[in-house]
Amino acid sequence: MFDFKGYGGLLIEGAAITLALIPPSLALGLVLGLAGALAKSSRSRVLRGIGQTYTTVIRGIPELLVVLFVFFALPVIVNNALTAAGAQTQVSVSPFVAGVVALGLAYGAYATEVFRGALAALPKGQIEAARALGMSPRLTFRRIVLPQVWRLALPGLGNLLLVMMKDTSLVSVVALDELMRKAHVAAGATREPFTFFFAAAIIYLFFTLIAEIGIARMERWAARGTGRRAAAAPATGARA
């Protein structure tokens, strides 16, 4: 048995903050990913350019730099803009909010390609049939496109979720007391890094196993009535 020398509570607190980061980051990433995929699939050159710029920039720089940019640079840019506009309000970003935004931006950039692959895999005849039946574009998207896109994209999105769960450790650089930062503090105080970093690894592995079980169940639920398991959509942006 490991002796945490009274610092076991730190790991629990850090694990709780790590878990708290995941739902809002995932929600933001899904919204950005779907919006990015629709933009890159649009007939508008402006929207395609916006979507391409977003995915190219975010996927082209390390997630660590995204975290640092959101925490340090983004408030400066916003405050300078507010000052130029004559506003007296100053904006600051907390480490937790910076983590959520940075993780959501990174997840959304990769999810864009997963959603785009799913959109490309849809039979065009279904959309044409829905239009022929008098469905509006919005109704067609909600009842025909989105359910199938979700099913096709789910395996790729699940893979990206597992990557994002590990990327939460990057938020420690902006002094958010998540799991890795707590483990580092405890390791420094006790001079037993193996104990606490190994414990952190076990906790991350536990989170991953739980997520994999949940993803597998969601895939089975999404594939109900299709006679087969959900297949992963082509995802040029997915990471191993």
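The values are calculated or read from the model by the stated rules, or taken from the named source; none is laboratory data. All values derive from a computational prediction rather than experimental measurement. FYI the Cβ positions are ideal-geometry reconstructions off the backbone, even for glycines, and counts take in every protein chain you see. When the accessible area is computed, the model is the full protein with side chains, heavy atoms only, and any ligands, DNA or RNA have been set aside. Shrake-Rupley method; radii C 1.70, N 1.55, O 1.52, S 1.80 Å.
Values for this structure:
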item	result
Residues located in the range 1-14, provided they are touching a Phe, Trp or Tyr at 6+ places or on another chain (Cβ under 8 Å) and either in a helix (DSSP H, G or I) or surrounded by 13 or more Cβ atoms within 10 Å (Cβ to Cβ) (or both)	F4, Y7, L11
Odd one out for A98, checked against (1) without any contact (Cβ under 8 Å) to a residue 40 or more places away in the chain; (2) within 28 Å of L170 (Cα to Cα); (3) of a type in the set (A, V, I, L, M, F, W, C)	(1)
Within the range 187-213, considering residues that are more than 18 Å from the chain's Cα centre (by Cα) and aromatic (F, W, Y), the one surrounded by the fewest Cβ atoms within 10 Å (Cβ to Cβ)	F194
Residue pairs meeting the criteria (Cβ under 6 Å; at least 6 apart or on separate chains; first within 24 Å of G33 (Cβ to Cβ), in the range 55-83; second hydroxyl-bearing (S, T, Y) and open to solvent by 80 Å² or more (accessible area, probe 1.4 Å))	none
Residues being under 17 Å from the mean Cα position of the chain (by Cα) and in a helix (DSSP H, G or I) - total across the range 32-67	19
Answer residue from the range 155-170, given it is open to solvent by 10 Å² or more (accessible area, probe 1.4 Å) and among the hydrophobic types (A, V, I, L, M, F, W, C) and is nearest to the chain's Cα centre (by Cα) among those	L161
Extreme residue, surrounded by the most Cβ atoms within 10 Å (Cβ to Cβ), among residues of the range 16-51 that are under 23 Å from L179 (Cβ atoms) and without any contact (Cβ under 8 Å) to a residue 60 or more places away in the chain	A16
Qualifying residue in the range 131-142 (condition: surrounded by fewer than 22 Cβ atoms within 10 Å (Cβ to Cβ), touching a residue at least 12 places away in the same chain (Cβ under 8 Å), of a type outside the set (S, T, Y) and at negative phi)	no
Conditions (1) open to solvent by 40 Å² or more (accessible area, probe 1.4 Å); (2) in contact (Cβ under 8 Å) with a residue 40 or more places away in the chain: number failed by G104	(1)
Residue, farthest from F4 (Cα to Cα), within the range 171-186, restricted to residues that are in a helix (DSSP H, G or I), more than 20 Å from the chain's Cα centre (by Cα) and among the small types (G, A, S)	A183
Residue within the range 171-186 that is buried (at least 19 other Cβ atoms within 10 Å of the Cβ), touching a helix residue (DSSP H, G or I) at 6+ places or on another chain (Cβ under 7 Å) and without any contact (Cβ under 8 Å) to a residue 60 or more places away in the chain present	yes
Which numbered condition Q90 misses (of (1) open to solvent by 50 Å² or more (accessible area, probe 1.4 Å); (2) within 29 Å of G158 (Cα to Cα); (3) not acidic (D, E))	(2)
